[in-house]
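**Q** Take a look at the following structure, please.
Values quoted throughout were computed directly from the atomic coordinates according to the rules given, and no laboratory measurement underlies them. Computed from a predicted model, the values in this text were never measured in an experiment. So basically every Cβ, Gly included, is an ideal-geometry build from the backbone, and we count neighbours across all protein chains shown.
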Amino acid sequence: MGTDRRRARSVRILLAAFVSLLVVGAFPSATSAQTDDEAPQSVRGKVQNRFEEDGERVTEPVPDVRIVLEDAGTLIGEDVTDADGSYFIGLEQTGTFTVRIDVTTLPDGLEVAEEDEVQDVEVGGNQNVTRVFFLGEDTRNVQSKWSLLPQTLANGLKLAMIIAITSIGLSLIFGTTGLSNFSHGEMVTFGAFVAFVFNSDVGWHLIPAALAAVAVTGLLGAGFEKGLWGPLRRRSTSLTSMMIVSIGIALAMRYFFLYLFGGDLKAFQQYTLQRDPVSIGPIDLPPRTLFIIGASALVIVGVALFLLRTRFGKAIRAVSDNPALASSSGIDTDRVVLLVWILGGALAGLGGVFYGLEFGIKWDMGFTLLLLMFAAITLGGLGNPFGALLGSLVIGIFVELWTWIVPNANDLKTVGALGVLILVLLVRPQGLLGSKERIG
Amino acid sequence: MNWDLIFWNALYTAISAAAAGYCIIASGLNVHVGYTGLLNFGQAGFAAIGAYAFAIPIVAYGWAWYWALPLMLVCSVLLALALGLPTLRLRADYLAIVTIAVAEIIRLFLNSTRFTWLTGGTDGRNGWTTFFEDLNPIDNTARFDMGAQSIDGYRLFMMIVGWCLAALIATFIWALMRSPWGRVLKSIREDEDAARALGKNVLAYKMQSLVIGGVIGSIGGLWLSAQKQSAQTGEFATTLTFFAFLIIVLGGLGRVKGPIVGTIIFFFVIQFVDNVLEQATRTDNIPDWIVDSTNFGIVKNVVAGLSLALLVIFRPQGIFGDKREQVFDVR
């Protein structure tokens, strides 16, 4: 573990250095040293082409592009980018100008987004202001908003599947014990990290590592029930207390992951393989994603059959419906609850591996997912596992749809889903499939 | 190991202006959780509103503080209404889930690059604390020694006024809870149906409690940012809410002194642990595989989480609490 932590540390330092470089590049200070040019002020910058090659972002300079500095339409100065893609326009005066990229001088096939064509620039005394132009292959105009919809829905389905397999456990635990388990998100993170350790430190292939993670997280669930929640229930601790205990556990676990693995985003070993996307109509999905959707669907069908057809599944649903009645008709509720914890843990672990595959592994990934899980099970109806499935579908798709409706809102992805949760509580508090007596 | 510095720094942190801010935030939460039995998991949202609804009009629109302050209070009341309306008639868990979700929504909006022009994004909002700086009779930049710890005049001023404010709010809550109104709140906490059977409008009382505790939380959030001279979104993550929970559980739920006692104990212990680990890693008294300079600061959060869980399990009435007053029993 020692070398791993040291590696993580050096990565962190590099990252910090990189970020600070970026910041320095993006916000040149007003006092930056004068260059060889005699002009007291200047506007300078670069024209860069950004594109994706083999899944990696590449930035390359674009030479021979004419950059024009204007003051309300009158030409102030101009320059043509050199081999580094840099331009430099010296200025005698100060004020607010516009700097424009001459689109007719762009190389064929390269476009600049319309809103980036002209940039405002405010130049104070002795300032060198930087304005960078980013080009990209012309993808924006070809793909209309509507043609992006199928891909958005597919991404939503993928997220929905992951939320679904993690939230069934949360829902079953709530149904059988009444506990809103705020540490369920950390079980997801735990699963992802167990698989990560087996995968990159021990060197197993991802699939056995994932299976190990499922087993270990199931064991963790059993451990929680045997060592913590079971004894607390027998002491007849109130549900509210248990909820706050689960918050404390979640907090401790989350920061323990940060302590052990550091704050950077991690990826599984085989993650980099299999990059060529498979096209299904208008949708491009990597084989990895198809696998995740397929495997999740199989697991969900399996769990549903288990709940509907087997004796244990029926017992779980009976305890969910009415614990006292189930107990008096001879069902061993403690065993059922233990089983639910194992099942919920195992599913959370699997969900963690899937989530880690798609979005990377991070110490606080479980918390992000927890709010979506809660939104899903509340939407579907608290305590109803099939409601959890339906709710997950709605929430997962809505999260992606939200970024489709509101452009440039990737950092607000979960907001839409959480907003839906609040709206549903206003209109139909028992959720889509919930029963009314649970809510009041 | 410089025990002198470790001790004085921990003591200073326990009574610092930031601790006063936490104390006020926790006092508001105490009104919700301790007195009314409302499980508010989103106190960080109220605190964030307190800081940003005051800072943004001043920095971005040049308002005077005497307009910004009422706006901040109105926003806080609106947030309480928005949280309460969909959830207060439902089971306690719904309020918990919705409040934590809304607190996250607020934080995400404040962090979002789309709203950087308004909120300052991850850089935060600065330059809105001139009101406090002008109010300060002490020289803002002068240094003052407190044992081995040295602080500037601004922090000293904010510390003194902050704790006076915390004491004032504690007195206010004490008076409220002694009144017939406060007794109804406690009866709702003990048995909601009984209160309803006596003809009390439980929903209205809960809503009033949510508003009062929320506004107090906003004032605390404002203080937390004002003493730092900057509103930072990082302050208002969900950990803030749960630290406030830990504070009121430590000090005793539903007790007037609870938040004050809890804050001092919480910050002293947390900062003490942090300082010891920091010194130990710097002087190489502790092997790197246990903690090193990159992760010693995380240990205090693990300690806080575990303490919250263990306290609620083994000593729910807090260190000095009264078992009869402790009720985490919202059905």
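**Q** In degrees, nearest 10, range 0 to 90: what is the angle between the Cα axis of helix B:202-228 and the longest Cα principal axis of chain B?
**A** That works out to roughly 10 degrees.
**Q** Let me know the mean shielding of A:258-264 by other chains, meaning the per-residue number of their Cβ atoms within 10 Å of its Cβ. Show your work: numbers first, answer last.
**A** On the way: counts 5, 9, 2, 1, 3, 3, 0.
Counting Cβ atoms of other protein chains within 10 Å of each residue's Cβ and averaging gives 3.
**Q** When Cβ neighbours within 10 Å are restricted to other protein chains, what is their mean count per residue of peptide B:288-296?
**A** Whole-number average of other-chain Cβ neighbours for B:288-296 is 4.
**Q** Roughly what would the spin-label model give for A:SER147 and A:LEU265, points 7 Å off Cα along C-beta, in nm?
**A** Between A:SER147 and A:LEU265, the label points sit 2.7 nm apart.
**Q** When the dipole is taken about the Cα centre of chain B, and only Lys, Arg (+1) and Asp, Glu (-1) are charged at their Cβ, what size is it in debye, to the nearest 20?
**A** 1240
**Q** Take every DSSP beta bridge with both residues inside the protein assembly as shown and express the antiparallel ones as a percent of the total, to the nearest 5.
**A** For the protein assembly as shown, the DSSP antiparallel bridge percentage is about 85.
**Q** Set Lys and Arg Cβ to +1 and Asp and Glu Cβ to -1, take the dipole of the range A:217-364 about its Cα centre, and tell me which of A:LEU228, A:PHE354, A:LEU285 lies farthest positive.
**A** Of A:LEU228, A:PHE354, A:LEU285, it is A:LEU228.
**Q** Now, a different point. Quick one: grab Rg to one decimal and Dmax as a whole number for the protein assembly as shown, Cα atoms only, in Å.
**A** According to the Cα coordinates of the protein assembly as shown, Rg and Dmax are 28.2, 93 Å.
**Q** Here is a further query. How many Å³ per residue does the convex hull of the Cα positions in the range B:60-106 occupy?
**A** Details: hull volume 3.5 nm³, N = 47.
For the range B:60-106, the hull spanned by Cα atoms encloses 76 Å³ per residue.
**Q** Picking from B:THR233, A:THR81, A:PHE386, whose Cα lies most toward the positive end of the charge dipole for the protein assembly as shown (charges on Cβ: Lys, Arg +1; Asp, Glu -1)?
**A** A:PHE386
**Q** Considering only C-alpha atoms, what is the centroid distance from the range B:2-81 to the range B:198-227, in Å?
**A** Comparing the Cα centres of the range B:2-81 and the range B:198-227, I get a distance of 12 Å.
**Q** Roughly how crowded by other chains is peptide A:231-244, in terms of the mean Cβ count from those chains within 10 Å of each of its Cβ atoms?
**A** 5
**Q** With the crude spin-label approximation of a point 7 Å out along Cα→Cβ, what separation in nm comes out for A:ASP334 versus B:ASN201?
**A** About 4.9 nm, to one decimal.
**Q** If you don't mind, another one. Taking 0.36 nm per residue of sequence separation and subtracting the Cα-Cα distance, how much length would be gained by fully extending the chain between B:ILE286 and B:ILE319, in nm to one decimal?
**A** Working it through step by step, the gained length comes to 8.8 nm.
**Q** Follow-up question, since we're still on this one. Quick one: helix B:17-29 against the long Cα principal axis of chain B, what's the angle to the nearest 10°, folded into 0 to 90?
**A** It works out to around 10 degrees.
**Q** With labels modelled as points extended 7 Å from the Cα through the Cβ direction, what inter-label distance (nm, one decimal) is found for A:ALA304 paired with A:ASP64?
**A** Result for the modelled spin labels: 6.0 nm.
**Q** Count the net charge of all other residues whose Cβ sits under 9 Å from the Cβ of A:GLY85, scoring Lys and Arg as +1 and Asp and Glu as -1.
**A** -2
**Q** Further, regarding this structure: To the nearest 20 debye, what is the magnitude of the charge dipole of the protein assembly as shown about its Cα centre, counting +1 on the Cβ of each Lys and Arg and -1 on the Cβ of each Asp and Glu?
**A** On the way: 56 positive and 64 negative charges, 1016 e Å.
Here the size comes out at about 4880 debye.
**Q** Hey, another quick one. How much length is gained if the chain between B:SER150 and B:LEU168 is pulled fully straight, taking 0.36 nm per residue apart and subtracting their Cα-Cα distance, in nm to one decimal?
**A** Extra length from B:SER150 to B:LEU168 when fully extended: 3.8 nm.
**Q** May I ask which residue of B:VAL59, B:TRP8, B:ILE105 lies farthest towards the positive end of the charge dipole of the range B:1-135, with charges of +1 (Lys, Arg) and -1 (Asp, Glu) on Cβ and the Cα centre as origin?
**A** B:ILE105
**Q** Let me ask something else about it. Quick check: the angle from helix B:153-178's long axis to the longest principal axis of chain B, C-alpha only, nearest 10 degrees?
**A** 20
**Q** Among the listed pairs A:LYS158/A:LYS362; A:LYS362/A:LYS413; A:LYS413/B:LYS300; A:LYS226/A:LYS362; B:LYS186/B:LYS257; B:LYS186/B:LYS206, which have their C-alpha atoms separated by more than 21 angstrom in this model?
**A** Those over the limit are A:LYS413/B:LYS300; A:LYS226/A:LYS362.
**Q** Taking R0 as 30 Å, what FRET efficiency do you get between A:LYS314 and A:LEU211 from their Cβ-Cβ distance, rounded to the nearest 0.05?
**A** Calculated transfer efficiency: 0.65.
**Q** With n ≥ 4 as the cut-off for DSSP H runs, can you work out [θ] at 222 nm for chain B, using -39500 (n - 2.57) per run divided by the number of residues, rounded to the nearest 500? List each step's numbers first, then the result.
**A** Values: 14 runs with 226 residues, N = 331.
Rounded to the nearest 500, it is -22500 deg cm²/dmol.
**Q** Under unit Cβ charges (Lys, Arg +1; Asp, Glu -1), what dipole magnitude, rounded to 20 debye, does the range A:245-393 have relative to its Cα centre? Each step should come with its number before you reach the end.
**A** Numbers: 10 positive and 8 negative charges, 52 e Å.
Approximately 240 debye in magnitude.
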